[in-house]
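See below for the structure under consideration.
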Amino acid sequence: MAVTPSTMIPLGTSCPSFALKDALSGKTFRNTDFTGKPILVMFICNHCPYVVHMQSELARLGCEYPLRGIEVIGICSNDEVAYPSDSPKNMAEMAKKQGWTFPYLHDPTQEVARAFDAACTPDFFLFDAGHQLVYRGQLDDSRPKSDTPVTGADLRAALDAILDGRAPSAFQRPSIGCNIKWRV
C-alpha cells in the first residue's frame with residue numbers, strides 16, 4: 001500500500017467550485033448549495049485501506065455535524081475504469097452499507113480533485129461559512145493495523161472550533177492515505 005500525504009494547501013484558500021452527482025440519489029450538488037454554511041469536503045473512496053479503517057467514524061461525522069450546522073460531503077475522484085470498486089454503483093452500495101447520510105459525490109473527470117489539489121484518500125478540507133479553508137489535515141493519529149483507536153480527534157477539534165466561533169489550531173498534520181487513482 002503506497003502512502004501519500006495530503007498537499008496542505010494554504011489556509012484561507014477559497015473553496016473551489018463544483019457540481020457533482022450524488023451516487024445514491026443522483027442529485028447534483030454544487031458548492032453554492034452550501035453558501036453561508038461551513039462545509040467539510042472529504043475525498044474518499046471505497047477500496048482504500050485508510051478509508052476502510054475509518055468508515056464508521058465518517059458515518060458518525062456525517063450524522064453529527066450537519067445537525068450542528070456544518071455540511072459534510074464525500075467525493076470519490078478515483079479512475080473508475082481502473083478501479084471499478086469506485087464506480088458510482090459501488091459508491092451507492094458503500095454509502096448504504098456504511099450508513100453514510102452525507103452526499104457521496106462522483107468526480108468522473110477528476111477536475112474537482114485537481115481544483116482542490118487533493119492528493120490522497122482520505123483528504124479532508126474544512127471551509128468556514130465564508131468558504132475559506134480553515135483546516136486541511138488528518139482525521140486523527142490512527143492508521144490501518146495500528147492499536148490507536150479511530151476517534152476523529154484532529155478533525156473534530158477543527159469542526160468544534162468553527163462551531164464555537166474560533167479558528168482551528170494552525171498546527172495541522174497532513175492526512176495520509178492512498179494516492180488518488182488518476183487516469184493515465
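Rule-based calculations on the coordinates, nothing more; no lab input. Quantities reported herein were computed from a predicted structural model and do not represent experimental measurements. Cβ coordinates were reconstructed from backbone atoms using ideal geometry, including for glycine residues, and neighbour counts include every protein chain displayed.
Observations
- Helical mean residue ellipticity (222 nm; -39500 (n - 2.57) per DSSP H run of 4+; nearest 500) of the chain: -7500 deg cm²/dmol
- Cβ-defined net charge surrounding Ser87, 11 Å radius [Lys, Arg +1; Asp, Glu -1]: -3
- Proximal charge balance of Thr151 [Cβ under 11 Å; K/R count +1, D/E count -1]: -2
- Shape category assigned to the stretch 72-152 from the gyration tensor of Cα positions, a/c cut at 1.5: oblate
- Classification of the chain by its C-alpha gyration tensor yields a rounded form. The axis ratio a/c (a ≥ b ≥ c) stays under 1.5.
- Charge-dipole axis of the chain as Lys and Arg at +1 and Asp and Glu at -1 on Cβ define it, positive-most pick from Gln132, Thr32, Gly177: Thr32
- A straight chain from Asn179 to Gln98 at 0.36 nm per residue would run longer than the Cα-Cα distance by 26.9 nm.
- Residue list for the stretch 9-32, given a label point 7 angstrom along the Cα-to-Cβ vector of Ser169 and an amide N cut-off under 20 Å: 9-12
- Taking a straight line from the alpha carbon of Lys37, these aspartates and glutamates sit under 12 Å away, with near neighbours fewer than eight places off in the same chain left out: Glu71, Asp128.
- Contact order for the chain, expressed relative to its length and based on alpha carbon pairs under 8 Å spaced 6+ residues apart, stands at 33 percent.
- Full-extension gain in nm, Thr28 to Ala157, via 0.36 nm per residue minus C-alpha separation: 43.5 nm
- Label zone of His47 (point 7 Å out along Cα→Cβ, amide N under 18 Å): in the stretch 147-184 this covers 177-184.
- Full-extension gain in nm, Ile9 to Leu67, via 0.36 nm per residue minus C-alpha separation: 18.1 nm
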